[in-house]
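Data block below; observations after.
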Amino acid sequence: MTIPHLDGLIAAPFTPMDESWNLKLSAVAPYYTFLKQNGIKGAFICGSTGEGVSLTLAEKKAVAEAWAACTRGDQDFKVMTLLGGTSIADCKDLAIHAKSIGLYAVSFTAPFYFKPATAAVLAECCAEIAAVVPELPFYYYHIPVLNGVNIPMFDLLKAIDGKIPNFAGVKYTHEDFMDFLSCLQFKGGKYDMLWGRDENMLPALALGAKGAVGSTFNYAAPLYHDIIHAYLQHDFVKARHLQQQSIDMIRLLGKYGGIATGKAFMKAVGVDCGEFRLPVKNMSQTDWVLFNKDLEHISFSTYQSKKHASTTNARI
């Protein structure tokens, strides 16, 4: 099975919620349009940013159906869904559902309660799930800071190679550049390695990353297009300056409590996705006022995503 490598920016969308923390699926179609207008080439749904671990099985299917419905016919916009998680059986069910509604790909992260102890065991988990959707590209989602499974991806590729025909690659959300480069070089670049740390995009580009999945692409896509363009033009001084702007923006996530601040950024760009479910702490009204002052301080409006934007993609 030949699986093309993805390039450019793939957003990890927030799951829209109403005031009662119920799904607001009517917001998905305009959200997709907003991403397209800002040069985004795909969506990684129900991941960390999308609160996948806080959604029921039925809700994950409903979110996937909403994205499938509004992107149907758009061959240039790839949607993949994160299956989970702790239950292999649920992951298989969600994978079959993803295929039935026409999603491009599926992704899986390591069980984070009973954790796989070795690359071989993790490869077994991947193989069991991937086998139920042999026609779909299957990606592993490496995010040890959240799932606590820090198996080198180079070891996983060695354990998987030749055994899972639809294994496409890895969404790599970690800082181990030695491991990442080894994965990029494995078997002559056989597997698609999607970079997942927005604040470290520039060094990932230097190593050879071609595609990236990120939460801040939702609301600051022009900034990352400019980083890529500066890198491709060998304007490394500008590229470093732009990456620092990304870092200054991302520091506000930590300042105001973490991942929920992302939905505050979305509200600031005019795409209200509601709030996060418990146990995530949301921003207070007092902090919202302070947050907006900080946005002015970092000149966020000069590089934020905009409605009806016309963005030129830089091919990595």
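Taking amide H positions as modeled 1.01 Å from N, with prolines and chain starts lacking one, no residue 5 or more places away or on another chain lies under 5 Å from Leu103.
For Ser100 and Ile298, the difference between the fully extended length at 0.36 nm per residue and the C-alpha to C-alpha distance is 66.9 nm. Could you check how much of the accessible area of the chain is carbon and sulfur, as a whole percent, using a 1.4 Å probe? Solvent-exposed carbon and sulfur of the chain make up 55 percent of the total. Residues in segment 4-11 carry Karplus couplings, in order, of x, 7, 7, 9, x, 9, 10, 7 Hz; the curve used is 6.51 cos²θ - 1.76 cosθ + 1.60 with θ = phi - 60°, and Gly or Pro positions show x. Here the Karplus relation 6.51 cos²θ - 1.76 cosθ + 1.60, evaluated at θ = phi - 60°, turns the backbone of segment 153-166 into coupling constants of 5, 4, 5, 5, 4, 5, 6, 8, 3, x, 10, 10, x, 9 Hz, with x for every Gly and Pro. Estimated from the Cβ-Cβ distance and a Förster radius of 35 angstrom, the FRET efficiency linking Glu175 and Val280 is about 0.95.
The modelled label-to-label distance for the pair Glu19/Tyr113, using points 7 Å beyond Cα in the direction of Cβ, is 3.5 nm.
In the assembled protein chains, Thr173 presents an accessible area of approximately 10 Å² (probe radius 1.4 Å).
Taken one residue at a time, the phi angles of segment 27-36 give Karplus couplings (6.51, -1.76, 1.60, θ = phi - 60°) of 7, 5, 4, x, 5, 4, 4, 4, 5, 4 Hz. Gly and Pro are set to x. The listed peptides 221-227, 33-39, 148-154, ordered by packing as a protection proxy, come out as 221-227, 33-39, 148-154 (highest mean of other Cβ atoms within 10 Å first).
For segment 186-249 versus segment 250-275, the inter-centroid distance based on Cα atoms is 21 Å. Within the chain, the proportion of Cα pairs with more than 27 Å between them is 39 percent. Here segment 9-95 yields Rg over Rh of 0.95, to two decimals, using C-alpha coordinates and the Kirkwood radius.
Is the shape of segment 85-190 best called rounded, prolate or oblate, per the rule: a/c under 1.5 gives rounded, else a/b larger than b/c gives prolate, else oblate, with a ≥ b ≥ c the square roots of the Cα gyration tensor eigenvalues? Taking the square roots of the gyration eigenvalues as a ≥ b ≥ c, segment 85-190 is oblate.
Here the simple spin-label model places points 7 Å from the Cα toward Cβ, and for Asp76 and Asp90 these points are separated by 3.7 nm. Can you list, bin by bin at 5 Å, the percent of alpha carbon pairs in segment 98-152, starting at 0? P(r) over segment 98-152, rounded to whole percents: 4, 20, 28, 21, 14, 10, 3.
The alpha carbon gyration tensor of segment 138-210 gives principal lengths a ≥ b ≥ c with a/c of 1.5 or higher and a/b no greater than b/c, which makes the shape oblate. The aspartates and glutamates within cross-link reach of Lys187, meaning a Cα-to-Cα straight distance under 18 Å and a gap of 8 or more places when in the same chain, are Asp155, Asp161, Asp179.
Per residue, segment 187-301 exposes 45 Å² of solvent-accessible protein surface, assessed with a 1.4 angstrom probe and all protein chains in place.
The values are calculated or read from the model by the stated rules, or taken from the named source; none is laboratory data. Everything quoted here is computed from the prediction, not taken from an experiment. When we count neighbours, we look across all protein chains shown, and the Cβ atoms used for this are built from the backbone with ideal geometry, even at glycine. Quick note on the areas: whole protein, heavy atoms, side chains included, nothing else; ligands and nucleic acids left out. Shrake-Rupley method; radii C 1.70, N 1.55, O 1.52, S 1.80 Å.
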